[in-house]
Amino acid sequence: MTELQAEFVLCNDNTDGSCGGGAKLELIVVSAKFEGLALLKRHRLVNDCLADFVPQIHAIIMKTWTTEQYESKK
């Protein structure tokens, strides 16, 4: 996530073996680079960072927050 200059990244692996080997991930990424971007654009930026891992991912829940949004959720 260096490309996003992420201030905080949390990845929970919720894989339970029911997806034929694919990972089920819950991801939180906090970056000032998300400021002013629509949700779809934020997710695309994260997906670009994960491109090498996408073939191993079955499902992903993604939360992409600006620093301000993250601070308000603490």
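The values are calculated or read from the model by the stated rules, or taken from the named source; none is laboratory data. It should be emphasised that the depicted structure is a prediction, and the values quoted were computed from it without experimental measurement. Cβ placement follows ideal geometry from the backbone for every residue including glycine, while neighbour counts extend to all protein chains displayed. Heavy atoms of the whole protein, side chains included, go into the accessibility calculation; ligands, DNA and RNA do not. Shrake-Rupley method; radii C 1.70, N 1.55, O 1.52, S 1.80 Å.
Here are the numbers for the structure shown:
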{"quantity": "Single unsatisfied condition, ARG42 versus (1) open to solvent by less than 70 Å² (accessible area, probe 1.4 Å); (2) within 18 Å of ASN14 (Cα to Cα); (3) basic (Lys, Arg)", "calculated": "(2)"}
{"quantity": "Meets criteria (surrounded by 12 or more Cβ atoms within 10 Å (Cβ to Cβ), in a helix (DSSP H, G or I), of a type in the set (Val, Ile, Thr) and at negative phi) for VAL9", "calculated": "no"}
{"quantity": "Verdict on LEU4 being open to solvent by less than 100 Å² (accessible area, probe 1.4 Å), touching a helix residue (DSSP H, G or I) at 6+ places or on another chain (Cβ under 9 Å) and modelled with pLDDT of 95 or more", "calculated": "no"}
{"quantity": "Positions within segment 28-58 being of a type outside the set (Val, Ile, Thr), more than 14 Å from THR2 (Cβ to Cβ), modelled with pLDDT of 95 or more and not in a helix (DSSP H, G or I), in sequence order", "calculated": "GLU35, GLY36, LEU37, ALA38"}
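Yes/no matrix, rows are residues, columns are (1) among the acidic types (Asp, Glu); (2) touching a residue at least 24 places away in the same chain (Cβ under 8 Å):
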{"position": "GLU7", "(1), (2)": "yes, yes"}
{"position": "GLU26", "(1), (2)": "yes, yes"}
{"position": "VAL29", "(1), (2)": "no, yes"}
{"position": "THR66", "(1), (2)": "no, yes"}
{"position": "SER72", "(1), (2)": "no, no"}
